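Data block below; observations after.
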Amino acid sequence: MRILIIEDDKKVAGFLKKGLGEEHYAVDVAYDGEDGAYWAQANDYDLIILDIMLPKKDGMEVCKEIRHKNIATPIIMLTVQDTLEDKIKGLDEGADDYLTKPFSFEEVLARVRALLRRTQKYKTRTLKAVDLELDPVTRKITRAGKKITLTGKEYALLEYLMRNKGKVLTEAMIIEHVWDINFDSLTNVVNVYVHHLRQKIDKGFEEKLIHTVRGVGYIMKEEDEDI
């Protein structure tokens, strides 16, 4: 899952990026409203964390611009002013939730998870493909009842494949959602991680779930499904 943080305070932005990265989210950071508004429209994010007080363009204006472009990405607004008027204005502009500074990372993470679960594509708690199951809340993964342990990036890749079961994903799409905007897309890291994932998910099972679409990308599907 990919998150955009729009925050000019580099200490706060770094704190959020580090914590969310450790939770296996791909995180991009914009340090002013103009860059934030541009990135939010140019890339496909699963969630945006948006500060109100920003240089060049404030958070309210950024939120309004994003919504006027019909971008429905969930937005959590950050503010140092815990006033009812600010919250009402932010919600009216299209924000989905509010966090007042200072905040704990545990609260940020709880809000992020709750907001993602409320969006349409996160309604189903457990993701399934044949006998493979992934619980996004507990991050527990099993196949045929056997627990599977993955690294952070392996988990992020598997979740992305399972959320898009039956859909061909290009390497560019995978990099965009699993790694951050500064990642070197010229490496063969996707091939490497798909190989590692196959060793843990498919090895030893008669039915293979992760398939290569030659010259295009990868797909998670049951073997009798047409591409």
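Couple of notes before you dig in:
- The candidates Tyr25, Tyr31, arranged from most to least accessible area with a 1.4 Å probe in the full protein assembly, appear as Tyr31, Tyr25.
- Global form of the range 71-165, assessed from the alpha-carbon gyration tensor, a/c cut-off 1.5: prolate
- Of the residues Thr212, Thr149, Thr100, ranked by 1.4 Å probe accessible area with the largest first, the sequence reads Thr149, Thr212, Thr100.
- Coupling constants for the range 19-32 follow from the phi torsions by the Karplus curve (6.51 cos²θ - 1.76 cosθ + 1.60, θ = phi - 60°), and in residue order they are x, 5, x, 5, 8, 6, 8, 7, 10, 10, 10, 10, 9, 8 Hz; glycine and proline get x.
- Rounded to 5, the percent of DSSP beta bridges in the chain classed as antiparallel: 45 percent
- Taken as Cα centroids, the range 20-62 and the range 144-174 sit 25 Å apart, rounded to the nearest whole angstrom.
- Over the chain, relative contact order from alpha-carbon pairs under 8 Å, at least 6 apart, %: 16 percent
- Among Thr151, Thr79, the order of accessible area from largest down is Thr151, Thr79, computed with a 1.4 Å probe on protein heavy atoms.
- Solvent exposure of the chain as accessible area per residue, Å², 1.4 Å probe: 51 Å²
- More than 17 angstrom apart: percent of Cα pairs within the range 1-83: 39 percent
- As a fraction of the 1.4 Å probe accessible area of the range 73-180, surface on carbon and sulfur atoms comes out at 50 percent.
- Amide H partners (placed H, <5 Å) of Val29, local residues excluded: Ile5
- Over the chain, dividing the summed -39,500 (n - 2.57) contributions of all DSSP H runs of at least 4 residues by the number of residues returns a 222 nm mean residue ellipticity of -12000 deg cm²/dmol.
The values are calculated or read from the model by the stated rules, or taken from the named source; none is laboratory data. Since the model is a prediction, treat every value here as computed from it, not as a measurement. Areas reflect the complete protein model, heavy atoms only, side chains present, ligands, DNA and RNA absent. Shrake-Rupley method; radii C 1.70, N 1.55, O 1.52, S 1.80 Å.
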